[in-house]
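Reading through the structure tokens given below for one structure.
The values are calculated or read from the model by the stated rules, or taken from the named source; none is laboratory data. Since the structure is predicted, the reported quantities are computational estimates derived from the model, not experimental observations. Neighbour counts run over all protein chains shown; Cβ positions are idealised from the backbone, glycine included. Surface accessibility is based on the protein's heavy atoms, side chains included, excluding ligands, DNA and RNA. Shrake-Rupley method; radii C 1.70, N 1.55, O 1.52, S 1.80 Å.
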Amino acid sequence: MIILTVDQAVEWMKEIQKRMDEHKEQLTVLDQAIGDGDHGINMTRGFTEVTAKIHHVNYDSVSDVLKSAAMTLMAKVGGASGPLYGTAFLKMSVAMQGKDVDEHVFKQAIKEAVDGIHSRGKADFGEKTMYDVWSQVADFLEEEEVNDWGGMVEVCQATIEDTREMIATKGRASYLKERSKGHVDPGSMSSLYIFEALVEVLELEG
Amino acid sequence: MSGKAGIIIISHSFEIGEGIKKLIDQVIEDVPIALACGTENGEIGTSMERIQSAIDQVGNENGAVLLYDLGSAKMNAEMVLELVDRNNLQIAEDVPLVEGSYIAAVEANLGKTVEEIMVSLDKLKIDHSS
């Protein structure tokens, strides 16, 4: 059964944009605590560009929508999140190429995205980065016979809470060492919004 | 100018790049150096497009060494290199930008190859373990 159509993929991007816009301040505050303070602005700018771009194009496949999003994110989002999210969406796009997106293709695409983030960011699990969130979601999808996509969001939230007290060892936050403890990683938080938006569109009837 | 490896300086800040270039220009004049510093609209950040055009400027048959400042600069450089797929372009990983660029320029000026420059830069590597 197809779980993600072209329309839903476009809707996914719009839902992400909406959430980044709503949470711009929060992401910025999180990033001011342990980074360079531009994550909210960067994510909002990036996904605003994505939605503006896909609005004018008629796409034939989910793969093409995600490729378009990936290229825009790489070009328009500053900071490390541009290359990382760009890579994630590009890997998903490649995994979905020439295929209808059923549950199997979808899970494979998420897995590829996680591998992409891993090799791009060179972060391992437990270094307090977005990789923690993405890899937990992939593990969840691998283990579960998913009836309720909302489980992905719960996994994200649980991971964010689990990593809050960790010391960051990658990215700008790693310069703070112990002082990164107690702060939520901004990239993990924006990843939550990406999965929240995804769950929202997956639950729409395709 | 021909025969010398190029240097590509990737920084989040336009001014940092300009500053390093000035520093090098004081002693070395004929090494091809290109800057990919700041975003297209002059803000803090790095851009794949700028890195690409720096490669177009100085990445001749002698190749070039790419030096960067902070994390995302390196990721952008890696992505561009994956797309251009040339083996005479090398990223100097974990090498401090000012010292690295200066030494790379001195070595390139002596006619050293990209590989030889990379060996020299190896000694400058920042140790992240402590």
### Summary
Here the FRET efficiency for residue A:154 versus residue A:119, based on Cβ atoms and R0 = 22 Å and rounded to 0.05, is 0.25
### By accessible area with a 1.4 Å probe, ligands and nucleic acids excluded, highest first: order of B:22, A:122
B:22, A:122
### Message
Are there any GluC sites (Glu not before Pro) in the range A:129-195 that are in a DSSP loop and have at most 15 other Cβ atoms within 10 Å? List them by number.
### Response
A:144, A:145, A:165
### Query
Which helices pass in chain A if a helix is a full DSSP H run, must span at least 15 angstrom along its long axis by Cα, and must have mean Kyte-Doolittle hydropathy not below 0.5?
A:62-76, A:81-96, A:186-202
### Query
Over the range A:2-205, what is the mean sequence separation of C-alpha contacts under 8 Å (at least six apart), divided by residue count, expressed as relative contact order in percent?
24 percent
### Query
Between chains A and B, what is the buried accessible area summed over both chains (1.4 Å probe, protein heavy atoms, nearest 100 Å²)?
1100 Å²
### Summary
Sorted by chain and then number, the residues having a modelled amide H within less than 5 Å of the amide H of residue B:33, at least 5 places away or on another chain, are B:7
### Message
Give the separation of the Cα centroids, the range A:17-48 to the range A:130-205, in Å.
### Response
16 Å
### Message
Based on alpha-carbon atoms only, what is the radius of gyration of chain B relative to the globular estimate 2.2 N^0.38 Å?
### Response
0.95
### Summary
Any residue on another chain or 5+ positions along whose placed amide H is under 5 Å from the amide H of residue B:11 is listed here as B:36, B:37, B:38
### Which listed pairs, of A:122/B:125; A:53/A:170; A:177/B:125; A:18/A:181; A:76/A:177, have C-alpha distances above 23 Å, in listed order
A:53/A:170; A:18/A:181; A:76/A:177
### Task
Compare B:26, B:90, B:52 in a GNM of chain B, Cα atoms joined below 10 Å, and give the one with the largest fluctuation.
B:26
### Message
Starting from 0.36 nm per residue, how many nanometres of slack lie between residue A:25 and residue A:176 once their C-alpha separation is accounted for?
### Response
52.2 nm
## Note on the structure
From DSSP H assignment alone, runs of 4+ in the protein assembly as shown each adding -39500 (n - 2.57), the sum over residues rounded to the nearest 500 puts [θ] at 222 nm at -19000 deg cm²/dmol
### Query
Could you give the dipole magnitude of the protein assembly as shown about its Cα centre, charging the beta-carbon of Lys and Arg +1 and that of Asp and Glu -1, in debye to the nearest 20?
1040 debye
